[in-house]
1. Assuming residue 161 fulfils every condition listed in (1) surrounded by 10 or more Cβ atoms within 10 Å (Cβ to Cβ); (2) modelled with pLDDT under 80; (3) assigned to a helix (DSSP H, G or I); (4) over 25 Å from the mean Cα position of the chain (by Cα) apart from one, which condition is it?
2. Go through region 11-39 and count every residue that is surrounded by 12 or more Cβ atoms within 10 Å (Cβ to Cβ), part of a loop (DSSP other than H, G, I, E, B) and in contact with a helix residue (DSSP H, G or I) (Cβ under 8 Å, 6 or more places away or on another chain).
3. Working only within region 70-94, note down all residues that are in contact (Cβ under 8 Å) with a residue 24 or more places away in the chain, surrounded by 15 or more Cβ atoms within 10 Å (Cβ to Cβ) and part of a helix (DSSP H, G or I).
4. With respect to residue 42, is the statement that it is touching a strand residue (DSSP E or B) at 6+ places or on another chain (Cβ under 6 Å), assigned to a loop (DSSP other than H, G, I, E, B), surrounded by 13 or more Cβ atoms within 10 Å (Cβ to Cβ) and touching a residue at least 12 places away in the same chain (Cβ under 8 Å) true?
5. Which one of 61, 53, 67 is within 13 Å of the chain's Cα centre (by Cα) and either within 24 Å of residue 23 (Cα to Cα) or part of a loop (DSSP other than H, G, I, E, B) (or both)?
6. Considering each residue of region 1-26, count those that are within 23 Å of the chain's Cα centre (by Cα) and in contact (Cβ under 8 Å) with a residue 60 or more places away in the chain, and give that number.
7. Of the residues that make up region 95-105, is at least one free of Cβ contacts under 8 Å to residues at least 60 places away in the same chain, under 27 Å from residue 15 (Cβ atoms) and surrounded by 15 or more Cβ atoms within 10 Å (Cβ to Cβ)?
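The values are calculated or read from the model by the stated rules, or taken from the named source; none is laboratory data. This is a predicted model, so every value here is computed, not measured. A quick note on method: Cβ atoms are made from the backbone with ideal geometry, for glycine too, and the neighbour counts reach across all protein chains shown.
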């Protein structure tokens, strides 16, 4: 629904951590009512978490909160995605300067906590020249009380933005525009997925082996119990038969 939703102050008025806001609730209700297919829905947090217990939220979208992810998973009982664990890249901002190995490590970290992990790149193309352009912001949103009562005003102020780095329109950063991945993680991810597949296969095989062993153990225990019970029953019956025969012999003599 939104990226770092509470940073948009006009839509997050009155928001609190874990509770969301009235405007985003209304946006979700409107979208849910218009979607007959029940598509996946979530919202990306900034400083505040949304109320993921709402019925329209299909999975928890997390940025940060690695240390309390198990608690969050247990609280909401929904699939959880770390959809921003920083990016493989070489830009000046720390959030986009991970090595391929560091990015892959986050996949293993997420897997150990039972969450899905997203991947992206912020790798600069050295052949793209530096330049700056001026653009106009078409709308400046002052406040939004509801979908039916937005309060926006046009903005004619031109802003000069350098076209180099994470905010560059000339740089085809995969993080912003998609396209072709060129980093190391695309290879490391293959190893990660292969390892996960092997781990699942091993876990399934181990589960089957344990199930078979347990079934055999139970069958053997049941067979022994039945054998003992039957032996006792036969022994008792034989003892009674012998006792009756002996009693008759004594009586006749």
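1. (3) is the only condition that residue 161 fails.
2. Residues meeting the conditions: 5.
3. 73, 76
4. Judged against the criteria, residue 42 is a match.
5. Just a single option satisfies the conditions, and that option is 61.
6. Looking only at that region, the number is 0.
7. Checked region 95-105: at least one residue is free of Cβ contacts under 8 Å to residues at least 60 places away in the same chain, under 27 Å from residue 15 (Cβ atoms) and surrounded by 15 or more Cβ atoms within 10 Å (Cβ to Cβ).
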